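Okay, so here's the structure we're looking at.
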Amino acid sequence: MGKSFAVIGDPIDHSLSPNIHSAAFRELNLDCSYIAYRIPTGELEEGIEGLKKIKIDGFNITIPHKVEMMKYLDKMDESCSLIGAVNTVTNKDGVLKGYNTDMDGFLEPFKKKKLNIENTKVLLLGAGGAARAIVAGFAKEKAKNITIANRTLENAKNLSEFAKKIGLSANAIKIEDVKDSAKDYDIIVNATSIGLRNEPSPISLDNINEKTIVYDIVYMPMNTDFIKKAKEKNAVIIFGYEMLLGQAARAFEIWHHMEAPYNAMKKALLGGF
Ligand SMILES: NC(=O)c1ccc[n+]([C@@H]2O[C@H](COP(=O)([O-])OP(=O)(O)OC[C@H]3O[C@@H](n4cnc5c(N)ncnc54)[C@H](OP(=O)(O)O)[C@@H]3O)[C@@H](O)[C@H]2O)c1
């Protein structure tokens, strides 16, 4: 019998995940399907029951359920318990196991492009769920230190405490206090949702150079103002779609126990822009 998969969240109609996974199924001739399923806030428990009833084999979780979903897991792997959020679930006869592939997905482009993280100075904009997975990634790859800049200082401070707990030297500032300090960092990541609605870059990139790695995890639009400003400085660019692809490839491997057809998935994703 064919296997079925889904992505749950709200809003969900613009999700690119069904395209990416369906392309992988086609490429490898797998008898599988993948749908987008809207579950509004407050209806997660019933939503999950519904997915169990139709014997879903696995699903991805996106905004706003990544943290609340932890309550409904029977098991979790280390990435999931460390980050405190779940984006990928397997269902084996009603037993739900959670994983977080955002961290590996975030790191994947560095590996593909052979860009070094060890001993670098990092500026991370944002302190939400995605930023937490990113902090775990920088700790794993042994960055030298991380400055977390956020609109709400309190959230940056909490994330900075988490970073220190897992062995990464960290400090927290308000995002408007970044001012002209972008040049002091090797890697700058935007993990706020600024850019989704074509807002201007959250910080000035005026004095960065061609060695600075600038990574925007916002993937729609592909060329945010933050990315455009980095391109003007000939910086090394990593796009949000690269992380999206990385986390999808990792989820594919968890579900299907085989290497993800990365290029077919990439083609399908880029076709969606
Ligand atoms: N490429 C990928 O694979 C991938 C994966 C995950 C997420 N994402 C994207 O990453 C973004 C963040 O996701 P998330 O799950 O971390 O969301 P989240 O938990 O809601 O966090 C949102 C972050 O953005 C900040 N923010 C929101 N609006 C702002 C504004 N107007 N001005 C300044 N700061 C603002 C928030 O600051 P406060 O703390 O002050 O509220 C917080 O730091 C989303 O756009 C999401 O689509 C991409």
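The values are calculated or read from the model by the stated rules, or taken from the named source; none is laboratory data. In this text the structure is predicted, and so the values were computed from the model without any measurement. A quick note on method: Cβ atoms are made from the backbone with ideal geometry, for glycine too, and the neighbour counts reach across all protein chains shown. With ligands, DNA and RNA removed, areas are computed over all heavy atoms of the protein, side chains included. Shrake-Rupley method; radii C 1.70, N 1.55, O 1.52, S 1.80 Å.
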### Task
Go through 73-85, 96-108 and give me the packing order, highest mean Cβ count within 10 Å leading.
96-108, 73-85
### Message
Treating only the Cβ of Lys, Arg, Asp and Glu as charged (+1, +1, -1, -1), what charge dipole size does the chain show about its Cα centre? Round to the nearest 20 debye.
### Response
500
### Message
Explain nothing, just compute: Karplus ³J(HN,Hα) = 6.51 cos²θ - 1.76 cosθ + 1.60, θ = phi - 60°, for every residue of the stretch 61-78 in order, whole Hz, x for Gly and Pro.
### Response
10, 10, 3, x, 9, 4, 8, 4, 4, 3, 4, 9, 8, 8, 9, 8, 8, 4
### Query
In nm, to one decimal, how far is the Lys71 label point from the Asp206 one, both placed 7 Å along Cα→Cβ?
4.8
### Query
Given the rule -39500 (n - 2.57) for each run of at least 4 DSSP H residues, summed and divided by the residues of the chain, what is its mean residue ellipticity at 222 nm, to the nearest 500 deg cm²/dmol?
-11000 deg cm²/dmol
### Query
Could you give the accessible area per residue of the chain, probe 1.4 Å, as a whole number in Å²?
48
### Message
Could you tell me the center-to-center distance, by alpha carbons, between the stretch 86-111 and the stretch 148-216 in angstrom?
### Response
25
### Message
Within 14 Å, Cβ to Cβ, of Asn19, how many net charges do the neighbouring residues add up to if Lys/Arg are +1 and Asp/Glu are -1?
### Response
+1
### Task
Calculate what fraction, in whole %, of the accessible area of the chain sits on carbon and sulfur atoms when a 1.4 Å probe is rolled over the protein chains.
48
### Cα→Cβ-extended label distance, 7 Å offset, between Glu78 and Val95, nm
2.0
### Query
From the residues Gly47, Trp255, Ile188, which one has its Cα farthest along the dipole of the chain in the positive direction, the dipole being from +1 and -1 charges on Cβ of Lys/Arg and Asp/Glu about the Cα centre?
Ile188
### Message
Could you give the length gained by full extension between Lys121 and Lys233, i.e. 0.36 nm per residue of separation minus their alpha carbon distance, to one decimal place?
### Response
38.4 nm
